[in-house]
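Colleague: Right, I'll just put the structure down here and ask away after.
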Amino acid sequence: MDMSKIILPSIIQGGMGIAVSDWKLASAVAKHGQIGVISGTGLNSVLIRRLALGDPDMIVRQALSHFPEPTLIQNILNEYFIPGGKAPHEPFKRTPHYNLKGPLSLWQLTVAANFVEVWLAKQGHSGLIGINLLEKIQLPTLPSLYGALLAGVDLVIMGAGIPREIPKALDLLSLHQTATLKIDVDNSDPENLEFDPKAVFPNLVQSTLKRPLFFPIISSSALALNLKRKATGPIQGFIVEGPKAGGHNAPPRGKYPFNEIGEPIYGPRDLVLPEDMKELELPFYYAGSVATPEQLTELINLGAQGIQVGTLFAFAQESGIEQSIKHQALYDLVHKSPPDSYGWIYTDALSSPTGFPFKALKRPDSLSEKQNYLKRTRICDLGYLRHLHKSVDGKILYRCPAEPVEDFQKKEGTLEQTEGKKCLCNALMADVGLGQNQKWGSEGYLLTAGDDFNQIQRILKNGQYSYYAKDVIDYLLGARS
Ligand SMILES: Cc1cc2nc3c(=O)[nH]c(=O)nc-3n(C[C@H](O)[C@H](O)[C@H](O)COP(=O)(O)O)c2cc1C
């Protein structure tokens, strides 16, 4: 496919981690002519947990069998596949944590896991499939991209940071050449991470891969201009995401106030105007509570290519959210009032270890509620949100403010930095039915959704608490067809 000749549709289904936008959702969206995006976050754990559950429909093993390095696949199956599935009370196996050098076996697993998700999403249609990665989760980025490229991904979308180095990394990885990434160190200069595909897969013989389109997610037109001018290679479009979107939100610009319940207050400086985006002469999509047919039409008239939609797709049947959690949330949306006058959604300025505000859907039984979270014993066994810190004697430490407080303090962190922090890694795995059994019990869930959660009522048919990705697309395109 010549990527420069692609006709871009008007809806992108936003990437939603961990495994909310899995291959099933992305594929359903692409089959209906729009862009389906898988989340690349945490896929190494998603893959091995699916294998530990016995991969009952054989789908994961089928995808793995197409991976171009069969020896690796056998190693993965030997290590993680449990025929018939693990016993329900057994914990899932854990992989080592990422560091600046891999470890190698984890990089290989990560490449394979991203290959699997993209490969599955691309079966049975000729639509477009993207992968979403978070700039704040840097250590797995290059192997994740390489795996996605091996499976022929069409588009890479990256948010929650300034992904300046990704265009060049895509150019190099598509040629199987060494790519590098600067990894932030919170109190020092960045460290360099080098990923050489030929060292990770010495036996892999491959021709040049398709170089996918790259769309960074931005929340200011100045950042978009800066990326267009100063990124390490070409950018093909932008997603302009506002503060009402599900997941992480960019914090308000400058010094900002909070409301009585601690949510950040956004102001006019946080608005990105379509006329400013138009000047960049690249396609752009708006995201964040713009998912109505009326707004889609208006934004297109103002020069946008279309919209990126998360929340409405997150609760569709094909999404990865565990069916009973999804069903209960939709039932309550129809039959109950929100828990307080602030509505269903809370923008938590503290919870995410990334430091970005993170939206939570308020549910009485979820970790959105402080009293529920305080019952959890802190553990950091997935570690995606660990970041680098240089110790006083010059060592690189990997730490997360949601890890056990004493561990964080041993790594020169303070008690205040840990306050209110939540282990999103484990909670988000629980959202998609892949929660860990810890020594003290099973991990609880914590759903994220945007202010558009209410809009789902416009899609639900009378008396029903489920709908499909196609219903979302038909609803959004209705006014335009
Ligand atoms: C459940 C959920 C998880 C999300 N996870 C991610 C993510 O991992 N990476 C990302 O860039 N955006 C994430 N988002 C944001 C979406 O990709 C999308 O941009 C946003 O939801 C659009 O706004 P809307 O929710 O109003 O439709 C998430 C959104 C939701 C609802």
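The values are calculated or read from the model by the stated rules, or taken from the named source; none is laboratory data. Please read all numbers here as calculations on a predicted model, not as lab measurements. All Cβ positions, even for glycine, are placed from backbone atoms using ideal geometry, and neighbour counts span all protein chains on display.
Colleague: Please state which one of LEU128, LEU134, LEU142 is more than 14 Å from the ligand (Cβ to nearest atom), within 16 Å of the chain's Cα centre (by Cα) and on the phi < 0 side of the Ramachandran plot. If you could, list the steps in order and put the result at the bottom.
Modeller: Working: LEU128 fails: within 16 Å of the chain's Cα centre (by Cα); LEU134 fails: more than 14 Å from the ligand (Cβ to nearest atom).
Going through LEU128, LEU134, LEU142 in turn, just one is more than 14 Å from the ligand (Cβ to nearest atom), within 16 Å of the chain's Cα centre (by Cα) and on the phi < 0 side of the Ramachandran plot: LEU142.
Colleague: Follow-up question, since we're still on this one. How many of the residues making up segment 20-35 are of a type outside the set (Val, Ile, Thr) and within 12 Å of the ligand (Cβ to nearest atom)?
Modeller: Total satisfying the criteria: 4.
Quick grid of which residues meet (1) within 14 Å of the ligand (Cβ to nearest atom); (2) more than 11 Å from ILE217 (Cβ to Cβ); (3) within 17 Å of the chain's Cα centre (by Cα):
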| position | (1), (2), (3) |
| --- | --- |
| LYS228 | no, yes, no |
| THR232 | no, yes, no |
| ILE239 | yes, no, yes |
| LYS244 | yes, yes, yes |
| GLY254 | no, yes, no |
| GLU263 | no, yes, no |
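Colleague: Among the residues of segment 227-247, what is the count of those that are closer than 28 Å to LEU296 by Cβ, in a helix (DSSP H, G or I) and in contact (Cβ under 8 Å) with a residue 60 or more places away in the chain?
Modeller: Number satisfying all stated conditions: 1.
Colleague: Restricting to segment 282-323, what's the tally of residues that are part of a loop (DSSP other than H, G, I, E, B) and aromatic (Phe, Trp, Tyr)? First the steps, then the outcome.
Modeller: Just the residues of segment 282-323 that are part of a loop (DSSP other than H, G, I, E, B), to begin with: 282-283, 288-292, 302-305, 310, 315-322.
Going one step further and asking which of them are aromatic (Phe, Trp, Tyr), we end up with 315.
Residues meeting the conditions: 1.
Colleague: Take segment 14-25 and flag every residue that is in contact with a Leu (Cβ under 9 Å, 6 or more places away or on another chain) and within 26 Å of VAL240 (Cβ to Cβ).
Modeller: Residues satisfying the conditions are GLY15, MET16, GLY17, ILE18, ALA19, VAL20, ASP22.
Colleague: Now a separate question. So, of the residues in segment 175-196 that are closer than 22 Å to GLN236 by Cβ and either touching a Phe, Trp or Tyr at 6+ places or on another chain (Cβ under 9 Å) or touching a residue at least 40 places away in the same chain (Cβ under 8 Å) (or both), which turns out to be farthest from the ligand (Cβ to nearest atom)? First the steps, then the outcome.
Modeller: Keep residues of segment 175-196 that are closer than 22 Å to GLN236 by Cβ, which gives 175-177, 179-181.
Of the ones still in play, those that are also either touching a Phe, Trp or Tyr at 6+ places or on another chain (Cβ under 9 Å) or touching a residue at least 40 places away in the same chain (Cβ under 8 Å) (or both) are 176, 179-181.
Values: HIS176: 27, ALA179: 21, THR180: 23, LEU181: 17 Å.
Among those residues, the one meeting the criterion is HIS176.
Colleague: Output the residues belonging to segment 352-375 that are more than 18 Å from TYR342 (Cα to Cα) and more than 16 Å from the ligand (Cβ to nearest atom).
Modeller: ASP365, GLN371, ASN372, TYR373, LEU374, LYS375
Colleague: For segment 440-466, give me each residue that is more than 15 Å from the ligand (Cβ to nearest atom) and touching a residue at least 12 places away in the same chain (Cβ under 8 Å).
Modeller: Once the filter is applied, which keeps residues that are more than 15 Å from the ligand (Cβ to nearest atom) and touching a residue at least 12 places away in the same chain (Cβ under 8 Å), segment 440-466 yields TRP440, SER442, GLU443, GLY444, LEU460, TYR465, SER466.
Colleague: Could you figure out which of (1) assigned to a loop (DSSP other than H, G, I, E, B); (2) surrounded by 15 or more Cβ atoms within 10 Å (Cβ to Cβ); (3) not β-branched (Val, Ile, Thr) isn't true of ASN203?
Modeller: (2)
Colleague: Go through LEU415, LEU428 for me and flag whichever is buried (at least 17 other Cβ atoms within 10 Å of the Cβ) and either modelled with pLDDT under 95 or of a type in the set (A, V, I, L, M) (or both).
Modeller: LEU428
Colleague: Same structure again: Filter segment 443-481 down to the residues that are assigned to a helix (DSSP H, G or I) and buried (at least 20 other Cβ atoms within 10 Å of the Cβ) and list them by number.
Modeller: ASP452, PHE453, ILE456, ALA469, VAL472, ILE473, LEU476
Colleague: Let me ask something additional. Based on what the data block shows, is LEU388 touching a strand residue (DSSP E or B) at 6+ places or on another chain (Cβ under 9 Å), hydrophobic (A, V, I, L, M, F, W, C) and in contact (Cβ under 8 Å) with a residue 60 or more places away in the chain?
Modeller: For LEU388, the condition - touching a strand residue (DSSP E or B) at 6+ places or on another chain (Cβ under 9 Å), hydrophobic (A, V, I, L, M, F, W, C) and in contact (Cβ under 8 Å) with a residue 60 or more places away in the chain - is met.
Colleague: Which one of these does PRO339 not meet: (1) modelled with pLDDT of 95 or more; (2) assigned to a loop (DSSP other than H, G, I, E, B); (3) over 21 Å from GLY15 (Cα atoms); (4) out of contact with any Leu (no Cβ under 7 Å at 6 or more places or on another chain)?
Modeller: (1)
Colleague: Exactly one of (1) outside any loop (DSSP other than H, G, I, E, B); (2) within 14 Å of the chain's Cα centre (by Cα) is unmet by GLY17. Its number?
Modeller: Status for GLY17: all satisfied but (1).
Colleague: Residue under question is LEU104, and the condition is that it be surrounded by fewer than 24 Cβ atoms within 10 Å (Cβ to Cβ), under 17 Å from PRO197 (Cα atoms) and over 17 Å from the mean Cα position of the chain (by Cα); does it hold?
Modeller: Yes; evaluated as a whole, the condition is true for this residue.
Colleague: How about segment 344-436: which helices (runs of 4 or more DSSP H) wholly inside it have at least 1 residues that are under 30 Å from SER324 (Cβ atoms)?
Modeller: Those helices (runs of 4 or more DSSP H) span 370-374, 424-431.
Colleague: If ARG50 satisfies every condition in (1) in contact (Cβ under 8 Å) with a residue 40 or more places away in the chain; (2) in a loop (DSSP other than H, G, I, E, B); (3) more than 16 Å from the ligand (Cβ to nearest atom) but one, which is the exception?
Modeller: Answer for ARG50: the failing condition is (2).
Colleague: Take LYS244 and decide whether it is closer than 27 Å to ILE166 by Cβ, out of contact with any Lys or Arg (no Cβ under 6 Å at 6 or more places or on another chain), at pLDDT 95 or above and of a type outside the set (Phe, Trp, Tyr).
Modeller: So LYS244 passes the test.
Colleague: Now, a different point. In segment 271-312, what residues are out of contact with any Ser or Thr (no Cβ under 7 Å at 6 or more places or on another chain) and among the acidic types (Asp, Glu)?
Modeller: Correct list: GLU275, GLU279, GLU281, GLU294, GLU298.
Colleague: Now for a different question. Kindly check whether there is at least one residue in segment 347-370 that is among the aromatic types (Phe, Trp, Tyr) and crowded, with 17+ Cβ neighbours inside 10 Å.
Modeller: As a first pass, look at segment 347-370 and keep what is among the aromatic types (Phe, Trp, Tyr): 356, 358.
Then drop every residue that is not crowded, with 17+ Cβ neighbours inside 10 Å, which leaves 356, 358.
Within segment 347-370, one or more residues are among the aromatic types (Phe, Trp, Tyr) and crowded, with 17+ Cβ neighbours inside 10 Å.
Colleague: Can you pull out every residue in segment 253-304 that is surrounded by 12 or more Cβ atoms within 10 Å (Cβ to Cβ) and on the phi > 0 side of the Ramachandran plot?
Modeller: Hits for segment 253-304 are GLY262, GLY288, SER289, GLY303.
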